[in-house]
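Engineer: This is the structure I want to talk about, given as structure tokens.
The values are calculated or read from the model by the stated rules, or taken from the named source; none is laboratory data. Since the model is a prediction, treat every value here as computed from it, not as a measurement. All Cβ positions, glycine included, derive from the backbone under ideal geometry; neighbour counts span all protein chains shown. Heavy atoms of the whole protein, side chains included, go into the accessibility calculation; ligands, DNA and RNA do not. Shrake-Rupley method; radii C 1.70, N 1.55, O 1.52, S 1.80 Å.
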Amino acid sequence: MEDWSHCLDVAVQIALRAGQAVQSAVKQEKQVSSKSTPTDLVTEADHQVEELIISTLREKYPSHRFIGEESSAAGVKCELRDDPTWIIDPIDGTCNFVHSFPMVAVSIGFAVKKELELGVIYHCFDGTLYTARKGHGAFCNGVRLQVSKEKDVSKALILTEIGAKRDPATLDIFLGNMKKMLSAPTHGVRIIGSSTLALCHIASGAAEAYYQYGLHCWDIAAAAVIIREAGGYVIDTTGGPLDLMSRRVVAAGTRQIADYVVKQLQPINYGRDDLT
């Protein structure tokens, strides 16, 4: 089995550089446009930071493949193969970034033979660095991470995100799912505007579960490794194994809470990343 520790070291250095670029860009005037919907925002900084990450990685690993949020939006096919593949979200929480709301992250995941091997997520506003390599644990600024072992959903804090679709039918399902979580009862439901950072809160034990329809493979890839290496579960909303391209996920510290969340959810169809 190949040792990918060198890739983790490289990813950390690149994430820190990219995070510095995001920190500088947030202070500048932003050129904002939309992608799939009026709420699916993109800025010039998204493109610049993605180019920084991919060009630096390609120089180091010319035979590797890349899946990036902005290159996929521009029409590059989003396809996970057996080749070593970097899966990149240059600015997760673009709407937060546009408003200078301090929940913005750089996310870099890495897969080989379609299996996730490592993840790096850098919180651009407070400098928190989350890292994990398969079989070697998960860390936050060098301190080992451990998920919450709470099994009682009535004592759980649940995180989610809204997704880009805002039509009445989709919102009814979204709000219905949230109502079920609140009336379980749980301690509460939170939305912070960054899928990757919300997932990191599962890894750190700050919250017990996360669910979402409408996120992308670049939102999940790095965080899935971090949560699993912290002792948690990352699965499909049907309760089966995670399908990275399915645009849906449930993550939790314990299988009991993951299964409870799965049973409450009414699905929202966002299609697949590999069919767009």
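Engineer: For LYS151 and ASP236, what does the FRET efficiency come to when R0 = 30 Å and r is the distance between their Cβ atoms, rounded to the nearest 0.05?
Structural biologist: Given R0 = 30 Å and the Cβ-Cβ separation, E is 0.90.
Engineer: For segment 171-235, which chymotrypsin sites (Phe, Trp or Tyr not before Pro) are both in a DSSP coil and crowded by at most 11 other Cβ atoms within 10 Å?
Structural biologist: none
Engineer: Something else about it: GNM, the chain, Cα, under 10 Å: largest mean-square fluctuation among ILE226, ILE191, ILE91?
Structural biologist: Largest GNM mean-square fluctuation: ILE191.
Engineer: Size of the dipole of segment 131-171 about the Cα centre, Lys and Arg at +1 and Asp and Glu at -1 on the beta carbon, nothing else charged, in debye to 20?
Structural biologist: About 240 debye.
Engineer: Which trypsin sites (Lys or Arg not before Pro) from segment 82-170 combine a DSSP loop assignment with at most 15 other Cβ atoms within 10 Å?
Structural biologist: Sites meeting the loop and neighbour criteria: LYS113, LYS114, LYS149, LYS151, ARG166.
Engineer: Sorted by accessible area (1.4 Å probe), largest first, how do VAL143, VAL225, VAL32 line up?
Structural biologist: Sorted by accessible area, descending: VAL143, VAL32, VAL225.
Engineer: For the chain, calculate the relative contact order in percent as a whole number, restricting contacts to Cα pairs under 8 Å that are 6 or more residues apart.
Structural biologist: Reported relative contact order: 17 percent.
Engineer: HN-Hα J couplings of segment 265-270 from phi, Karplus 6.51/-1.76/1.60, θ = phi - 60°, integer Hz, Gly and Pro as x?
Structural biologist: Karplus values, whole Hz, x for Gly and Pro: 7, 9, x, 10, 8, 10.
Engineer: A follow-up question, please. Given the Cα atoms of the chain, and with Rh set as the inverse mean 1/r over their pairs in the Kirkwood sense, what is Rg to Rh to two decimals?
Structural biologist: 0.94
Engineer: Considering the options ALA15, SER55, SER148, tell which one lies farthest towards the positive end of the dipole of segment 4-160, charges being +1 on Lys and Arg and -1 on Asp and Glu at the Cβ, about the Cα centre.
Structural biologist: SER148
Engineer: Would segment 21-172 count as rounded, prolate or oblate if I go by the C-alpha gyration tensor, calling it rounded below 1.5 in a/c and otherwise prolate when a/b exceeds b/c, oblate otherwise?
Structural biologist: Rounded is the answer for segment 21-172, as its axis ratio a/c remains below 1.5.
Engineer: Could you give the semi-axes, largest first, of the ellipsoid that matches segment 159-269, computed as the square roots of 5 times the alpha carbon gyration tensor eigenvalues and rounded to whole Å?
Structural biologist: Ellipsoid semi-axes (Å, largest first): 19, 16, 13.
Engineer: Test of understanding: in a Gaussian network model of the chain with alpha carbons linked when under 10 Å, which of CYS140, CYS124, CYS200 would top the mean-square fluctuation ranking?
Structural biologist: Of CYS140, CYS124, CYS200, the most mobile in the Gaussian network model is CYS140.
Engineer: What does the charge dipole of the chain about its Cα centre add up to, to the nearest 20 debye, if the Cβ of each Lys and Arg holds +1 and the Cβ of each Asp and Glu holds -1?
Structural biologist: That gives a dipole near 680 debye.
Engineer: What are the residues whose amide H is under 5 Å from the amide H of LYS149, where those residues sit 5 or more places off or on another chain and H is modelled from the backbone?
Structural biologist: Counting only residues 5 or more places away or on other chains, the set is empty.
Engineer: Still on this structure: Along segment 152-166, what does the Karplus equation 6.51 cos²θ - 1.76 cosθ + 1.60 (θ = phi - 60°) give for ³J(HN,Hα), rounded to whole Hz, x for Gly and Pro?
Structural biologist: 8, 5, 5, 10, 9, 9, 10, 10, 7, 9, 7, x, 7, 6, 10
Engineer: List, in the order given, every pair from LYS155/LYS263; LYS77/LYS263; LYS30/LYS114; LYS149/LYS180; LYS35/LYS180; LYS77/LYS134 whose Cα-Cα distance in the structure shown is over 29 Å.
Structural biologist: Too far apart for the 29 Å limit: LYS77/LYS263; LYS30/LYS114; LYS35/LYS180.
Engineer: Something else now. Can you name the helices of the chain, as whole DSSP H runs, whose Cα span along the helix axis is 24 Å or more and whose Kyte-Doolittle mean is not below 0.0?
Structural biologist: 5-25
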